[in-house]
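Asker: Let me begin by handing over the structure; questions about it come next.
The values are calculated or read from the model by the stated rules, or taken from the named source; none is laboratory data. No experiment lies behind these values; they were computed from the predicted model shown. As a convention, Cβ positions derive from the backbone with ideal geometry for all residues, glycine included, and neighbour counts pool all protein chains shown. Note: accessible area is taken over every heavy atom of the protein model, side chains too, but ligands, DNA and RNA are not part of it. Shrake-Rupley method; radii C 1.70, N 1.55, O 1.52, S 1.80 Å.
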Amino acid sequence: MNITKADSESIQRAAEIIKRGGLVAFPTETVYGLGADGLNPIAVAKIFEAKKRPAFNPLILHIADKSWLKRFSGIENEKVERLINKFWPGPLTLVLPKTEIVPDIVTSGNTTVAVRMPDHPVALQLIEASETPIAAPSANKFGHLSPTEASHVAKYLGDKVDMILDGGKCSVGVESTIIQLHENEIYLLRPGGLSKEEIEKEIGGIKTGIIDQDKPNSPGQLPFHYSPQTPLKFFHKKFLDENKKIGMLFFKENKINFPFVETKFLSPSGDLREAAANLFSQLHELEKENLDLILVETIEEKGLGRAIMDRLRKASNKFL
Ligand code: TXA
Ligand code: MG
């Protein structure tokens, strides 16, 4: 297996792979990314091939320093400035008008580009050493669970990447929050690791509707996504069948009297941050158990609860 512990020597080798147009999976604070040189269209094409991702879905450019942004977007906007100063590096992706140098394959032909500065030393050192923005989706096959540990990447993409840099478990555990600037309003495209409340504290109210009715441009707007192989449904008594192998994902405690084959707890202390950080790894664990059904508890949609419920809803939609 090509998992390599991240240190300054292996990061340097990974950067050489990026420069040569190869693929490197690397840790960020949200989830593992499947990275390629974001300014090399052929390298970026390899990402789509490895992920088996529909070509209409654009990628995020990851940068190592706030000052890199102006190369990829000429935008000058006060709200954007404030968000960057407050939340970068961190789990916030900005969709902004793009400059000429961003290849169409990165943006799927959109006139906008998604950019983020991740808050993870391995990611930042890799981007810095590669001397280029790294285009990276989550390092899973399209539609599957997102990876929050190096072993998750190896499971699905092990033979498709040149190197997997192991930087341990992702601390945030759900993807970045994606927002778009459109006519001086900020729209939330995907709830994620930075809560809407925190963003609104900084710049006031943001919008949640769809900007362009014609095209779903963010996974927040695709009907299903992030699904385990095992059918997943929100808990309801009617699903409890003792002849089936059922696993249950609880928020903090088990309040149900039923012989579940497996039970997991997102956060025994009831902390939404901890719950988000555990979400995908616990779904990966449940997926491994060859269950007939995974049931999940609903979570209150405030703060990071919104991102968690978004992922769970998308995961369950596949099995409706
Ligand atoms: O936390 C994250 O965001 C992780 C880590 C690796 O950084 N990346 C990630 O990438 O989740 P991905 O590709 O799985 O999800 C990014 C989403 C895409 O599905 C795409 O729909 C949206 O960002 N996106 C990218 N460029 C966009 C654009 N120009 N307009 C609207 N949405 C865009
Ligand atoms: Mg993804």
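Asker: For the chain, what is the relative contact order in percent, using Cα pairs closer than 8 Å and at least 6 residues apart in sequence?
Answerer: 20 percent
Asker: Would the stretch 1-99 count as rounded, prolate or oblate if I go by the C-alpha gyration tensor, calling it rounded below 1.5 in a/c and otherwise prolate when a/b exceeds b/c, oblate otherwise?
Answerer: prolate
Asker: Any chance you could look up the accessible area of K245 with a 1.4 Å probe, heavy atoms only, rounded to 10 Å²?
Answerer: 90 Å²
Asker: Summing -39500 (n - 2.57) over the DSSP H runs of n ≥ 4 in the chain and dividing by its residue number, what mean residue ellipticity at 222 nm do you reach, to the nearest 500 deg cm²/dmol?
Answerer: -9000 deg cm²/dmol
Asker: Let me ask something additional. Compute the accessible area per residue over the stretch 16-120, keeping the other protein chains in place, probe 1.4 Å, unit Å².
Answerer: 39 Å²
Asker: Turning to a different aspect of this structure: Quick check: from the Cα gyration tensor, does the stretch 232-317 come out rounded (a/c under 1.5), prolate or oblate?
Answerer: Because a/c hits 1.5 or more and a/b exceeds b/c, the stretch 232-317 counts as prolate.
Asker: Where in the stretch 26-53 does the amide nitrogen come within less than 15 Å of the point 7 Å from the Cα of E131, taken along Cα to Cβ?
Answerer: So the set is 37-40.
Asker: Continuing with this model, one more query. Report relative contact order for the stretch 232-317 in percent, whole number only (criteria: Cα-Cα under 8 Å, sequence separation at least 6).
Answerer: The value is 38 percent.
Asker: Put +1 on the Cβ of every Lys and Arg and -1 on every Asp and Glu Cβ in the chain; which of I42, S171, F251 then has its Cα farthest towards the positive end of the dipole?
Answerer: Towards the positive end, the residue furthest out is F251.
Asker: In whole Hz, with x marking every Gly and Pro, tabulate ³J(HN,Hα) for the stretch 90-103 from phi via Karplus 6.51 cos²θ - 1.76 cosθ + 1.60, θ = phi - 60°.
Answerer: Along the stretch 90-103, the couplings run x, x, 10, 10, 10, 9, 9, x, 9, 8, 3, 6, 7, x Hz.
Asker: With θ set to phi - 60°, apply the Karplus curve 6.51 cos²θ - 1.76 cosθ + 1.60 along the stretch 74-81 and write out the HN-Hα couplings as whole Hz, x wherever there is a Gly or Pro.
Answerer: With the stated coefficients, the stretch 74-81 comes to x, 5, 10, 8, 5, 5, 4, 3 Hz.
Asker: Solvent-accessible area of H144, probe 1.4 Å, all protein chains present, reported in Å² to the nearest ten, please.
Answerer: Its heavy atoms expose roughly 40 Å² to the probe.
Asker: Continuing with the same structure: Arrange the residues R313, R20 by how much accessible surface each exposes, largest first, with a 1.4 angstrom probe.
Answerer: Largest accessible area first, the residues go R20, R313.
Asker: Now a separate question. Could you work out the pair-distance distribution P(r) of the chain from its alpha-carbon pairs, with 10 angstrom bin width and percents rounded to whole numbers?
Answerer: Taking all Cα pairs of the chain, the binned fractions are 6, 28, 35, 23, 8, 1, 0 percent.
Asker: How charged is the neighbourhood of F250? Take every other residue with its Cβ under 10 Å from the Cβ of F250, and add Lys/Arg as +1 and Asp/Glu as -1.
Answerer: +1
Asker: Tell me the accessible surface of D7 in square angstrom (1.4 angstrom probe, heavy atoms of protein chains only), to the nearest ten.
Answerer: Answer for D7: close to 80 Å² accessible.
Asker: For the stretch 60-191, what class follows from the C-alpha gyration tensor (a ≥ b ≥ c being the square roots of its eigenvalues): rounded when a/c is under 1.5, otherwise prolate if a/b is larger than b/c, else oblate?
Answerer: The shape class here is prolate.
Asker: To make sure I understand the rule: partners must be lysines, Cα under 19 Å from the Cα of K233, and not fewer than 8 residues away in the same chain. Which ones qualify?
Answerer: Partners within reach: K244, K245, K252, K255, K264, K288, K314, K318.
Asker: What aspartates and glutamates sit close enough to K302 to cross-link, taking a C-alpha to C-alpha distance under 14 Å and skipping anything fewer than 8 places away on the same chain?
Answerer: Here the aspartates and glutamates satisfying the reach criterion relative to K302 are E197, E198, E200, D271, D310.
Asker: Separate question: Out of residues 5 or more away from I60 or on other chains, whose amide H comes under 5 Å of its own, with H placed 1.01 Å from N in the peptide plane?
Answerer: Long-range HN contacts for I60: A136.
Asker: In whole Hz and in residue order, list the ³J(HN,Hα) couplings for the stretch 244-249 that follow from phi through the Karplus curve 6.51 cos²θ - 1.76 cosθ + 1.60, θ = phi - 60°; x for Gly and Pro.
Answerer: The phi angles translate into 10, 8, 10, x, 10, 9 Hz.
Asker: Same structure, new question: P118: net charge of surrounding residues, Cβ under 13 Å, Lys/Arg +1, Asp/Glu -1, itself excluded?
Answerer: -3
Asker: Then there is this: Give me the Kirkwood hydrodynamic radius of the stretch 63-118, using the inverse of the mean 1/r over all pairs of distinct Cα atoms, in Å to one decimal.
Answerer: Kirkwood hydrodynamic radius for the stretch 63-118: 11.5 Å.
Asker: Given an 8 Å cut-off on Cα distances and at least 6 residues of separation, report the relative contact order of the stretch 92-215 as a percent.
Answerer: 21 percent
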